[in-house]
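Below you'll find the structure, written out as structure tokens, and then a few comments.
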Amino acid sequence: MTSDKMMTMKEAVSKFVKDGDSIYLAGFTHMIPFAAGHEIIRQKRKDLTLLRATPDIIYDQMIAAGCAKKLVFSYAGNPGVGSLRCFRRSLEKSIPRPLEIEEYTHFGLSGRLFAGATKMPFLPMRTNIGSDLPPENPLIKTIKSPYSDEVVSTVPPLNPDVAVVHVQRADVNGNSHIWGIIGEQKDAAFAAKKVIVSCEEIVDESVIRSDPNRTLIPDFVVHAVVHEPWCAHPSYTQGYYDRDNEFYMQWDDVTKEHDTTMKYMDEWVFGVEDRAQYMSKMPSSKILKLTPKTAYSTPVSYGSV
Amino acid sequence: MTDVSPSELMVIVAARELKDKETILVGVGIPNLAANLAKKLQAPGLNMVYESGAVGSNPSRMPLSIGDPCLVTGAKSICSMYEQFAYYLQGGRIDVGFLGGAQIDKYGNINSTIIGTYKAPKVRLPGSGGACDIASNVKKIIVITPHEKRRFVEKVDFKSSPGFIDGKENWSKLGLQGGGPYAVITNLCTMKFDQKTGEMMVVALQPGVTIEKVQENTPWKLKVADKLESTPAPTEKEIATLRSLDPTKIYLG
């Protein structure tokens, strides 16, 4: 099974991610495409505007590697652990380079993608008012309702140059089945100008068509399809491998200094060719530990007369 | 009475605030424990919603993040991030939201963004995430926090999540649909908010704590309710149930 969209991560990044681009590596905790981030680092892309609600460890790594000029975000922490130290070093001490920021709330940033995906000039929402964020981000404005005297907050649309979305399974043209926490995957794919889908499994189109409600992303918005098992580690893929919480906790120590961070990167990013080689370095005990128990859904019938 | 740690006490007191059938927007750690404890005791029908889009979760272990896969297995529903904020929060479907932060002030404004100024932060914190959206839309905001002088400040450096701003009069003019701050639960006391002014007010002291001790750990002159109560001591059942939820003491140090 193949198509002209099928390629390796190396080819996809080389073809679609350019210096200076705005990019959205999607996934709210779940299915964060670490393999794409690592490939962008290896190809030494620079001056990128990194877009993500939760920058997470992947953007911490890309910031440390000097890929980022600007970060657009809503929560820059290591969930349940603490700070993202590379993000803070860049913002507070300009190491390895200064970082511009543009900050929203989660609703604000996910609303920006929704507005971008649906080609609206802005999106009204009930948040921001009363907080100190709007004075620091002039793109957050207010509007009076044309139907009442109510005043609500607005955010502008977001249309990334490139979105990378990791999914459980896709066909060779990019029709994608996603389940579990679906985050902003669909919104990012529809909002972006170019879309790279990576997947745990390539399946036949008939598998996709057997369960169309699960297809969040149709092939005609997808530009590249990458078969990349374990793409999301240390994030997770529901039903395939669990979140490597130990790694998330260790990251705090790894990133104590810029040098210690780069030592990690030398071994696990620059020191490998691709995700397959990254996984071949992973101890099998770790892989076993992250292998989830099965929990199958009850099949449904899509039959008609 | 079995000795309880300050964290255990806060979780138990917070859990008592939750009613059966309420819908709760939960964070990880201490709030997650409070919600799970209430569910095992007086509120079996509690709906736990996480900002990652997991609705009606039944986690079999302690999640480290709000997007942990254990919140998905056996959940009632999963929605997208935008839908979570639009349908559930903005749609007015959430009764109680738990929030935390580095600083909280006398009107319940919460700072989780910066210490110092925004342009030149002394400490850069993670930022709002969903906190401002939660604060603007839930019926009751509950904050669980250790009672320390560095956390309680007369005015926060940055309002990440609006409480009653500088008093309830100006807050009402903003037209937020949420009910604003409801309770602040610390290891020393429980505080609620003056109905008229929106100022934080001590309503109950935790077992063995004096009002003087609370005041010593708060940098402004605290308002005290006319009828100051004593929090009933944690029961053996509350303690045993709570400890079974976090057997390895990830959060209950």
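Residues of segment A:142-168 that are surrounded by fewer than 24 Cβ atoms within 10 Å (Cβ to Cβ) and either more than 28 Å from A:ILE129 (Cα to Cα) or in contact with a Cys (Cβ under 7 Å, 6 or more places away or on another chain) (or both): A:ASP161, A:GLN168. Can you say whether A:ILE57 is more than 10 Å from chain B (Cβ to nearest Cβ), hydrophobic (A, V, I, L, M, F, W, C) and in a helix (DSSP H, G or I), as far as the supplied structure shows? It is true that A:ILE57 is more than 10 Å from chain B (Cβ to nearest Cβ), hydrophobic (A, V, I, L, M, F, W, C) and in a helix (DSSP H, G or I). Among the residues of segment A:84-111, those that are within 19 Å of the chain's Cα centre (by Cα), more than 29 Å from B:MET62 (Cβ to Cβ) and either at the interface with chain B (Cβ under 10 Å from one of its Cβ atoms) or β-branched (Val, Ile, Thr) (or both) comprise A:ILE101, A:GLU103, A:TYR104, A:GLY108, A:GLY111. Listed here are the helices (runs of 4 or more DSSP H) enclosed by segment A:206-305 that have at least 2 residues being within 14 Å of chain B (Cβ to nearest Cβ) and surrounded by fewer than 19 Cβ atoms within 10 Å (Cβ to Cβ): A:245-254. B:PRO69: modelled with pLDDT of 90 or more, within 11 Å of chain A (Cβ to nearest Cβ) and over 28 Å from A:PRO157 (Cα atoms), yes or no? So B:PRO69 fits the description; yes.
When segment A:35-53 is filtered for residues that are polar (S, T, N, Q) and touching a helix residue (DSSP H, G or I) at 6+ places or on another chain (Cβ under 8 Å), only A:GLN43 remains. Taken across segment A:112-123, residues that are more than 12 Å from chain B (Cβ to nearest Cβ) and touching a Gly at 6+ places or on another chain (Cβ under 6 Å) do not occur at all. Each residue in segment B:225-243 was checked for being of a type in the set (Asp, Glu), part of a strand (DSSP E or B) and out of contact with any Leu (no Cβ under 9 Å at 6 or more places or on another chain), and 1 pass. Of the residues screened, A:VAL72 is not one that is among the aliphatic types (A, V, I, L, M), surrounded by fewer than 19 Cβ atoms within 10 Å (Cβ to Cβ) and in contact with a Phe, Trp or Tyr (Cβ under 8 Å, 6 or more places away or on another chain). Apart from one condition, B:ALA120 fits all of (1) free of Cβ contacts under 8 Å to residues at least 40 places away in the same chain; (2) touching a Ser or Thr at 6+ places or on another chain (Cβ under 8 Å); the exception is (2). Determine whether B:PRO59 is at pLDDT below 95 and more than 18 Å from the chain's Cα centre (by Cα). It is true that B:PRO59 is at pLDDT below 95 and more than 18 Å from the chain's Cα centre (by Cα). Do we have A:THR154 as under 30 Å from B:ILE165 (Cβ atoms), in contact with a Lys or Arg (Cβ under 7 Å, 6 or more places away or on another chain) and not aromatic (Phe, Trp, Tyr) here? When the stated conditions are applied, A:THR154 passes them. Give segment B:197-222 a look and list any residue that's of a type in the set (D, E, K, R) and in contact (Cβ under 8 Å) with a residue 40 or more places away in the chain, or say none. B:GLU199, the sole residue that qualifies.
Where strands (runs of 3 or more DSSP E) sit wholly within segment A:135-178, those with at least 3 residues that are more than 20 Å from A:PRO124 (Cβ to Cβ) occupy A:162-170. Within segment B:152-183, being among the aromatic types (Phe, Trp, Tyr) and either within 7 Å of another protein chain (Cβ to nearest Cβ) or farther than 24 Å from B:LEU18 by Cβ (or both) holds for B:PHE158, B:TRP171. Of all residues in segment A:1-46, those satisfying the criterion of being hydroxyl-bearing (Ser, Thr, Tyr) and part of a loop (DSSP other than H, G, I, E, B) are A:THR2, A:SER3, A:THR8, A:THR29. Filtering segment B:110-141 to residues that are surrounded by fewer than 23 Cβ atoms within 10 Å (Cβ to Cβ), part of a loop (DSSP other than H, G, I, E, B) and within 7 Å of chain A (Cβ to nearest Cβ) leaves only B:TYR118. Contact annotation: residue pairs with Cβ atoms under 6 Å, 6 or more positions apart or on different chains, pairing a residue in segment A:70-83 that is more than 7 Å from chain B (Cβ to nearest Cβ) with a partner that is surrounded by fewer than 24 Cβ atoms within 10 Å (Cβ to Cβ) and of a type in the set (Val, Ile, Thr), are A:LYS70/A:THR49; A:LEU71/A:ILE101.
The values are calculated or read from the model by the stated rules, or taken from the named source; none is laboratory data. All figures in this text were calculated on a predicted structure; none of them were measured in a lab. Counting neighbours? That spans all protein chains shown, and the Cβs are built from the backbone with ideal geometry, glycine included.
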